[in-house]
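The values are calculated or read from the model by the stated rules, or taken from the named source; none is laboratory data. Predicted model only: the values in this text are computed from it and were never measured. Here the Cβ positions follow ideal geometry from the backbone for every residue, glycine too, while neighbour counts run over all protein chains shown.
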Amino acid sequence: MPPMPDHAQAQPSLWNLLQGQEFRQGYVAAGPIRTRYVVTGQGPALLMLHGNGGHLEANLRAMAQLAADFTVYAIDMVAHGYTDAPAEQVTPEVYVRHVRDFLDAVKVEKAHIAGVSLGARVALWSALALPERVMKVIANTGLPLAPADDKSILEMREAQQRSVKVTEQLTRENMLARLRGVIGSDDNIPDELIESRLRVYAQPGRADIIRKLHYQNYEDMLTSRNQPPWFGFDVLRKIAAPVLVVWTEDNPGHGLDIAREAVAAFPHAELAVIRNAKHWPQWENAEDFVHVARRFLLDPMP
């Protein structure tokens, strides 16, 4: 593995991002699922969801800044991170049920939801299925849409291969390759982020669970053919909550054109393009992400 840049090594610890703030890491029973979460801040509830095979640390940079205006929760989604995996297959219905059960467990009646990649799809599915619980949605580099062209299909297949490889050969080199698929600059991949994910995957049986999720979630995208009830532009048209679609110019698997098409399909939506980021703008350019997120969430409801 090539050496990490000196300034990447000097970046603040993941937990130093919350230094001086009141926060809590804990576990709650979200229905039958023991769920890890972090909460910080004050104000309206904002739930942040990570991507496929990920964990809540992917949202810490942004949530630390959003805590000035919101009570921000970040969770390990069902079967991810340190959250339990159910015996059943993890379908869109299971993700949505977990979101609902988590909100019930922490006694939040209504929340904004911001998700990245798979988390963006779960946020949108939750708005579709639980309209009475979801106020606004930030769909960050993820949509319930099939890849639009051969280039996007190839990028998604390559991402799937990288994701599966690290679960089969759990090495720092493979984890770095996986993170390079979502983060454009090694300057933004500190050793601690690699170590954090390696520890998650090293839990007994967890790599096998994540491998299955990688196969399933990518295949769902690649074979959906934009068919309802969970995929397609017709699904987007049914989501009544206001949506901010956050995209980048270098997002793999779904280009900027499909993000623009999605914005046109939602009843109430707008697009924000974040520069200097790949697939994780909430991490790689947290300042710009927080700027557009805060403005969108604090604007009065239409």
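Data for the structure
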read-out	value
Single unsatisfied condition, residue 118 versus (1) in contact with a His (Cβ under 9 Å, 6 or more places away or on another chain); (2) surrounded by fewer than 19 Cβ atoms within 10 Å (Cβ to Cβ); (3) of a type outside the set (Gly, Ala, Ser)	(2)
Residue among 60, 49, 56 that is in contact with a Lys or Arg (Cβ under 8 Å, 6 or more places away or on another chain) and either among the acidic types (Asp, Glu) or within 26 Å of residue 181 (Cα to Cα) (or both)	56
Hits in the range 128-155 (condition: within 16 Å of residue 280 (Cβ to Cβ) and modelled with pLDDT under 95)	155
Residue within the range 246-256 that is touching a Phe, Trp or Tyr at 6+ places or on another chain (Cβ under 6 Å) and either surrounded by fewer than 19 Cβ atoms within 10 Å (Cβ to Cβ) or under 18 Å from residue 149 (Cβ atoms) (or both) present	yes
Verdict on residue 168 being among the charged types (D, E, K, R), on the phi < 0 side of the Ramachandran plot and touching a residue at least 12 places away in the same chain (Cβ under 8 Å)	yes
Test: residue in the range 217-239 that is over 19 Å from the mean Cα position of the chain (by Cα), among the β-branched types (Val, Ile, Thr) and exposed (fewer than 13 other Cβ atoms within 10 Å of the Cβ)	yes
Leading residue by the ranking (surrounded by the fewest Cβ atoms within 10 Å (Cβ to Cβ)) among those in the range 257-284 that are without any contact (Cβ under 8 Å) to a residue 24 or more places away in the chain and closer than 12 Å to residue 246 by Cα	260
Identity of the residue in the range 85-107, acidic (Asp, Glu) and in a helix (DSSP H, G or I), that ends up nearest to residue 75 (Cα to Cα)	101
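Let's see how each residue does on (1) at pLDDT 95 or above; (2) among the hydrophobic types (A, V, I, L, M, F, W, C):
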position: 11; (1), (2): no, no
position: 30; (1), (2): yes, yes
position: 50; (1), (2): yes, no
position: 57; (1), (2): yes, no
position: 71; (1), (2): yes, no
position: 77; (1), (2): yes, yes
position: 85; (1), (2): yes, yes
position: 104; (1), (2): yes, no
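Quick grid of which residues meet (1) in contact (Cβ under 8 Å) with a residue 24 or more places away in the chain; (2) basic (Lys, Arg); (3) surrounded by fewer than 23 Cβ atoms within 10 Å (Cβ to Cβ):
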position	(1), (2), (3)
28	yes, no, yes
31	yes, no, yes
34	yes, yes, yes
48	yes, no, no
67	yes, no, yes
71	yes, no, yes
75	yes, no, no
81	yes, no, no
87	no, no, yes
